[in-house]
Amino acid sequence: MSLDGRWVLITGANGGLGLATSIRVLKEGGAVVLACRTAAKADATRDLVVAAAGVNSDRVVAVGGFDMLDPAGIEAATAALPPVSIDVVFLQAGGWVWADEVQTVALNGATVEQTVAKNVVGAHATLRALMAAGRLSPGARVVIIGGEGARGVPGAIRKPAFSDVRDFERHLAGVRGDTPYVPIDALGVAKLCAALWAQHLAKRVQGSLEVVWFSPGLIGGTGGTAGMPAWKELLFQRVAFPILVALGKAQWPESAAEKCVDCLAGRVGRHGDLLGAPEGTALGPLTDQRPMNRRFTDEDFQRVLWRRCEAAAGSMPLETMDRDIA
Ligand SMILES: NC(=O)c1ccc[n+]([C@@H]2O[C@H](COP(=O)([O-])OP(=O)(O)OC[C@H]3O[C@@H](n4cnc5c(N)ncnc54)[C@H](OP(=O)(O)O)[C@@H]3O)[C@@H](O)[C@H]2O)c1
């Protein structure tokens, strides 16, 4: 239950929560692979985390090419990783897509709503590439970042609700019908998708990997407000977040990273868990999210999402994990 001597790969390690978690992992005696979008961001982050944690740089590998919207690039970047065996994977790159209209991406001929693509398809592509390249230690722990938006946050994020699986499929393909696009609501759906993905994966890799969906709760002071109009971003960062933190309704990245490291180390969260703040809140004691949105456990939704991830980023070579157990 300690990260001492273990290798942790973190996607999006250069920003907010990913950066704070990388430093915390190093302070706990772990080693990190900073899997960033570009080599320049990864290299700059390596210098920063080495200095902040006061550790030797041989415990840090910095790699670019982990663009969540580029499965082929992720595969190439994974194949080029130095020969370390990854004990823990933290799939945390993502966030919202700040736009007026729904955005889609075409990945291997499959059209995917962009928020789902960067929060979930990119995670799928990363884990797939690690499996295919034989980079995971037996029994490796996979933590995908969640978010309370997956079951809605009153007054902030609309509870994701779909009339049926076809309705959900249309959202995945970026077909919105009459509903206006609201970036934060789309992020809520992407976090629901991350939970559906984690639930499906947990069943498929039972006994060979540990899979947990984990949200530390609302965080201020990250890049999560990037893309907003400048005045709005300033208002959030300088006024709203300090007040929310003072009221105990949000936290700074260091506190969130401490919780994430508890989860990465296995001190919190068992295989198949979906953990986040209690119903109606965005921060609080870690609570099972499943009773809060019945869709979390809907197997039709899980299958539809999984199929789209496979169409966009390739089939997960689960047989390689079975071979490891055998
Ligand atoms: N902030 C919160 O309240 C909160 C709460 C719960 C969960 N979360 C989740 O925690 C994660 C980190 O959020 P944050 O608040 O720390 O945001 P952040 O500071 O904006 O960090 C996001 C990270 O994801 C990376 N990223 C974004 N799009 C990417 C892409 N297409 N390919 C590769 N990397 C990409 C960014 O890299 P670049 O620098 O290259 O853009 C950055 O490193 C997100 O998944 C978010 O949804 C956040």
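No lab work stands behind these numbers, since they all come straight from the coordinates. On a predicted model such as this, the values are computed, not experimentally measured, just so you know. All Cβ positions, glycine included, derive from the backbone under ideal geometry; neighbour counts span all protein chains shown.
With Cα atoms defining each centre, region 60-130 and region 257-308 are spaced 20 Å apart in the structure.
Working from Cα pairs under 8 Å separated by at least six residues, relative contact order for the chain is 20 percent. Comparing mean-square fluctuations of 237, 199, 289 from a GNM of the chain with C-alpha springs under 10 Å, the top value falls on 237.
Give the shape of region 78-197 as rounded, prolate or oblate, defined through the alpha-carbon gyration tensor: a ≥ b ≥ c are the square roots of its eigenvalues, a/c under 1.5 means rounded, and otherwise the shape is prolate if a/b is larger than b/c and oblate if not. Cα axes put region 78-197 in the prolate bin. Working ranking of peptides 3-14, 254-265, 75-86, 120-131 by packing, defined as the average number of other Cβ atoms within 10 Å per residue, highest first, is 120-131, 3-14, 254-265, 75-86.
In a simple Cβ point-charge model (Lys, Arg +1; Asp, Glu -1; nothing else charged), region 210-313 has a dipole of about 240 debye relative to its Cα centre.
A Cβ-based charge dipole, computed about the Cα centre of the chain with Lys and Arg at +1 and Asp and Glu at -1, lands at about 280 debye.
For residue 84 and residue 320, the FRET efficiency from 1/(1 + (r/R0)^6), where r spans their Cβ atoms and R0 equals 25 Å, is about 0.90. Put simply, the Cα atoms of the chain extend 52, 46, 34 Å along their principal axes, the longest span coming first. A Förster radius of 22 Å combined with the Cβ-Cβ distance from residue 43 to residue 137 puts the calculated FRET efficiency at roughly 0.30.
Listed peptides 186-193, 21-28 appear in the order 186-193, 21-28 once ranked by packing, highest mean of other Cβ atoms within 10 Å at the front.
The residues neighbouring residue 178, those whose beta-carbon lies less than 13 Å from its own, together hold a net charge of +1 under the Lys/Arg +1, Asp/Glu -1 convention. Rounded if a/c is under 1.5, else prolate if a/b beats b/c, else oblate: with a ≥ b ≥ c from the C-alpha gyration tensor eigenvalues square-rooted, which is region 257-313? Judged from the Cα gyration tensor, region 257-313 comes out oblate (a/c at least 1.5, b/c at or above a/b).
Cross-linked pairs 27/203; 41/191; 159/249; 118/159; 191/259: Cα-Cα separations exceed 22 Å for 27/203; 41/191.
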